[in-house]
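What follows is a single structure, written as structure tokens, with notes after it.
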Amino acid sequence: MGILWTILIGFIVGVLAKFVTHGPGPHGFFMTAALGIAGSLIATFIGRALHWYAAGQSAGFVGAFIGALVLLAIYHLIIKGRAPTA
């Protein structure tokens, strides 16, 4: 049940992050959920490295949201740097 909860929260965080940012972003349920889950993992990793979270503790909803926003910002920088194809 834990993995289903993680996917659901990841999807919600991914949708919120896509709603806040402008421009094209990854599309589809799986990409949106992956964005939120990856944001949570990044926030957890950075939080543990900075001793904000104890071992075994994961980032909360806000941390996952901020992580997803960072991932979307990186995505937009990469997409913006590409030359349009005709």
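All of (1) of a type outside the set (G, A, S); (2) surrounded by fewer than 17 Cβ atoms within 10 Å (Cβ to Cβ); (3) at pLDDT below 75 hold for T32 with one exception: (2).
If I filter segment 55-69 down to residues being farther than 12 Å from G14 by Cβ and at pLDDT 80 or above, which single residue comes out as surrounded by the most Cβ atoms within 10 Å (Cβ to Cβ)? Ranking the qualifying residues of segment 55-69, first place goes to G63. When segment 70-86 is limited to residues that are surrounded by fewer than 18 Cβ atoms within 10 Å (Cβ to Cβ) and touching a Gly at 6+ places or on another chain (Cβ under 9 Å), the one that is modelled with the highest pLDDT turns out to be V70. Among the criteria (1) at pLDDT below 80; (2) out of contact with any His (no Cβ under 7 Å at 6 or more places or on another chain); (3) of a type outside the set (D, E, K, R), the one G23 does not fulfil is (2).
The values are calculated or read from the model by the stated rules, or taken from the named source; none is laboratory data. Predicted model, so just to flag it, every value in this text is computed and none were measured. Note that each Cβ is placed from the backbone with ideal geometry, even for glycine, and that neighbours are counted across all protein chains shown.
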